[in-house]
Structure formats: structure tokens, C-alpha cells
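Chemist: Below is one structure. I have some questions about it.
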Amino acid sequence: MTIGLDDVVAAETVLSHVDGEAGRLIIGGYDLEELAGRVSFEDVVVMLWTGLAPDIAADPRALLGRARARAWGHLAPLAPRLAGLTPVEGMRLLLSSLPDAEEGHPALAVGAAGVAAAMAVRGAQGLAPAEPDASAPHAADILRMMRDAPVADDEALALDTYLVTVIDHGLNASTFAARVVASTQAGILSAVVAGLCALKGPLHGGAPGPVLDMLDAIGSLESADAWLDDAMARGERLMGFGHRIYRVRDPRADVLKGAVGRLKGRGNRIAFAEAVEEAALRALKRRKPGRRLDTNVEFYTAILLDALGVPRAGFTPLFAAGRTAGWVAHAVEQSRTGRIIRPQSRYVGTWPAQAA
């Protein structure tokens, strides 16, 4: 028996493949590096949804724009209820309000996730939501709605690169949760909400924020080596380093590092973060010579989203906005099997006394 289902094959998929030994992520038949920063989020959605939504290929930008506008009509009246909720809780409330019976095109789930992420982040700050612009690219519109302010082209490209980078990643906890719900024929939106609930847990989607907490604690480059050594001596984990699957460098880290590099020079702390990364890798190599602990996606996710002015509590909702397209594809792929997911468990409790 494998606790945690490690190495247990629970599905066959054409959507993505994670090769942890080689440090490779394949999405829809392409290496991540061929897509992120080169192909728009909308076009990667088309790739993932081949056979799922044939009409999306004609004009994916327009289709997702209409989906955001339609979602806004459902979600805007709920804005007052976001007060007092964290952004993830607010996003969960908003998406849960959409009925599966009226979901229509699966693009609604992706459009709704973008609108809900922006609304929930603003709602947690006590700010009124900003209406979507159906004519805008998906990433640019999410960032504009979150800020309620114009977005520069390089900022839009950075967020688009991020959304593509996190669009799918094998059978992780949130994707598996979405597939389990989809296997019951509950509906796409219910599957997406299940994925979001799994992502809410700190062991899955909560690491980028603590990366910034670590940078705050280090304070200056002069303090980095001593701070990192002290943290490791106390047995603390260095946030943004190491991964359960990747035995080498997470390919998503390099993609996002490239995106981050294009945002330098705006009063952000990208250069400081890069220097801390180098110091952390030296410390890990020195203190854990028998293990390969390298930079993971959370490190440069934190740096990129911070540079875009996204509050830390908004990191997970933005992750979900990108991953929703993958959850939708997995939900449809799973539901088409017609087979409910029903693994077995091994009973280790007390057995009833045998009758005399």
C-alpha cells in the first residue's frame, strides 16, 4: 500500500506530463519552455481543450472575454458578501454561486475564475469590484480588474506567462480533487470549486506568500548568508526550494525567472531576490550535499506577482485563475470515461468480537 498514492496511476491523460527526474513539464504535447511567454494563455487553452470546445479555436480571446462578461453578471451582486473573507474564501463563495445547470460553455468557468479572483482580492481590501473588459486579453483584464487601473504591456505579458506556466501540472492534489468530483458527473463548475478547495490548503497552494516573508526576514543581502544558515540549523525549510516531484530544477522556475527579469527597474526587489536565491542554493549545497534541492515555481511566482503589485493573499486566487483551464480539461476528460473514481482503503481499526 502507498500512503498518499505516490506512484499509483489513477488516470490516463493527454493533457500534461511531469518528468521529475529530467525536470521536464509537457503540456498538450509541448515543453513548457515552448509555450510560456511565447504562446498566449488563450491559445494554450485551445490546445488543452481540443475536442472539448471546438468553437473556442475560432477566436479564443473573444470567447473568454464574453465568458468574463457573463460571469460578471452572475457575480457582481455578491460583492458586498466578500467583506471579512480572505481572497481564497471569497473566490470560493463566488464560484460556488454559479449553478452547474446553467454553466453552458466550459469557457464560463475560466472567465468566472478570472473575475472571481480579481473581485475576491479587492473585496478582501474593502474595495469595490471592477467590471471586466470583454475586448481585452484574459491576463491583462484580470490584472486590470484587480488593480482597477491600466496595465502596461510588459506587465500583461508577465502575468500571461504565469497563467500559462501554472495551467496544468499532472495529477496534483487539486486536479485529482477536480477529477474525483467530475467522475460523479457533478458538473464542471463543481469540479472547479473542488479544485479550489484543495488548492486552499497550505501544503498545496500556499507557498509563494512565505517566500516574501522569508525575504522580509532576511532584510538585506549582507544578512542573507547568516540568516539562511541559522534557519537551516534550526531545521526550517527554505521557502521556494525543493519539490516533491522534481529531483532537479523545476522548469517553471526558469520560465518565471525570465518573465521576472523583464520587470526589473521599477522600484521592485527582483535583484535582491535573485541574490538571495544564489545564496540559498549555496547554503543548501553546503548543508545538504547529498540532496538536490533547487528553486521551485513558488520562488519566482512570489517575485513576479509581488512585482505586479498583487497582495500576498491574492497569490492563490491568481494561481487558481490559471489552473482552472486545466481543471476544466481534466474534468471533461474524466467525465467522458463514465467511471466514478473509487479507490480502496485498508481497514486497520478494531474488529468486532466474534460470536461464541
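Chemist: Normalized C-alpha radius of gyration of region 66-149, against 2.2 N^0.38 Å?
Modeler: In units of the 2.2 N^0.38 Å rule of thumb, it is 0.97.
Chemist: Now for a separate question. Can you list the lysines whose alpha carbon sits under 25 Å from that of Lys288, skipping same-chain ones fewer than 8 residues off?
Modeler: Of all the lysines, those that pass the test against Lys288 - Cα under 25 Å, at least 8 places apart if same chain - are Lys257.
Chemist: Using the Kirkwood radius built from alpha carbon pairs, what does the Stokes-Einstein equation give as D for the chain at 4 °C and 1.567 mPa s, in µm² per second?
Modeler: Values: Rh = 21.1 Å.
Reported coefficient: 61 µm²/s.
Chemist: Another question, if that's okay. On alpha carbon coordinates alone, what is the Rg over Rh value for region 244-301, Rh being the Kirkwood radius?
Modeler: Here Rg/Rh amounts to 1.01.
Chemist: Before I look further, what does region 14-165 give for accessible area per residue, probe 1.4 Å, in whole square angstrom?
Modeler: Details: 6060 Å² over 152 residues.
Here the residues of region 14-165 average 40 Å² of exposed surface.
Chemist: Here is a follow-up. Please list 3J(HN,Hα) in residue order for region 149-156, calculated via the Karplus relation 6.51 cos²θ - 1.76 cosθ + 1.60 where θ = phi - 60°; whole Hz, with x for glycine and proline.
Modeler: Going residue by residue, I get 7, x, 10, 6, 4, 6, 5, 4 Hz, with x marking Gly and Pro.
Chemist: Follow-up. Can you compute the helix-only [θ] at 222 nm over the chain? Use -39500 (n - 2.57) per DSSP H run of at least 4 residues, normalise by all residues, nearest 500 deg cm²/dmol.
Modeler: -16500 deg cm²/dmol
Chemist: Just to confirm a number: summing +1 for Lys and Arg and -1 for Asp and Glu over residues other than Gln125 whose beta-carbon lies under 13 angstrom from that of Gln125, what do you get?
Modeler: It works out to a net charge of +2.
Chemist: Could you pull the Cα extents of region 11-164 along its three principal axes, largest to smallest, in whole Å?
Modeler: 46, 36, 31
Chemist: Let me check against my output: what whole-number percent is the relative contact order of region 180-280, with C-alpha pairs under 8 Å and at least 6 apart?
Modeler: That works out to 25 percent.
Chemist: Let me know the Rg and Dmax you get for region 127-174 when you use only its Cα atoms, in Å.
Modeler: 12.7, 36
Chemist: With the calculation restricted to Cα positions, what are the radius of gyration and Dmax of region 207-356 in angstrom?
Modeler: 21.0, 81
Chemist: Compute, for Arg147, the solvent-accessible surface of its heavy atoms (probe 1.4 Å) with the complete set of protein chains present, and express it in square angstrom to the nearest 10.
Modeler: 70
Chemist: Shifting gears a bit: If I ignore ligands, DNA and RNA and count only protein heavy atoms, how much of Lys200 is accessible to a 1.4 Å probe, in Å² to the nearest 10?
Modeler: Surface accessible to solvent at Lys200 totals approximately 90 Å².
Chemist: Who wins for biggest fluctuation among Pro106, Pro80, Pro129 in a Gaussian network model of the chain, springs between alpha carbons below 10 Å?
Modeler: Most flexible of the set in this elastic network: Pro80.
Chemist: Please list Val151, Val14 from largest to smallest accessible area, probe radius 1.4 Å, with all protein chains kept in place.
Modeler: Descending accessible area places them as Val14, Val151.
Chemist: Next question, about the same structure. Take the chain, connect every pair of alpha-carbon atoms lying under 10 Å apart with a spring to form a Gaussian network, then pick out the residue of Gly37, Gly261, Gly28 with the largest mean-square fluctuation.
Modeler: It is Gly261.
Chemist: Report, in whole Å, the centroid distance computed from the Cα atoms of region 31-82 and region 201-244.
Modeler: When both Cα centres are located, 34 Å separates them.
Chemist: While we're here: Using a 1.4 Å probe over the heavy atoms of the protein chains, calculate the carbon and sulfur portion of the accessible area of the chain as a whole percent. Before the final figure, lay out each step's value.
Modeler: Details: 8560 of 16150 Å².
Its accessible area is 53 percent carbon and sulfur atoms.
Chemist: Thr295: accessible area at probe 1.4 Å, nearest 10 Å²?
Modeler: Its accessible surface works out to 0 Å², give or take rounding.
Chemist: Hey, which aspartates and glutamates would be in cross-link range of Lys200, C-alpha to C-alpha under 19 Å, not counting anything within fewer than 8 residues on its own chain?
Modeler: Excluding near neighbours in sequence, the set is Glu89, Asp168, Asp213, Glu298.
Chemist: Compute the relative contact order of the chain as a whole-number percentage, counting only Cα pairs closer than 8 Å that sit 6 or more residues apart in sequence.
Modeler: Relative contact order comes out at 23 percent.
The values are calculated or read from the model by the stated rules, or taken from the named source; none is laboratory data. Just so it is clear, the model here is predicted, and its values are computed rather than measured. Positions of Cβ are backbone-derived with ideal geometry, glycine not excepted, and every protein chain shown enters the neighbour counts. Calculation scope for accessible area: heavy atoms of the full protein, side chains included, ligands and nucleic acids excluded. Shrake-Rupley method; radii C 1.70, N 1.55, O 1.52, S 1.80 Å.
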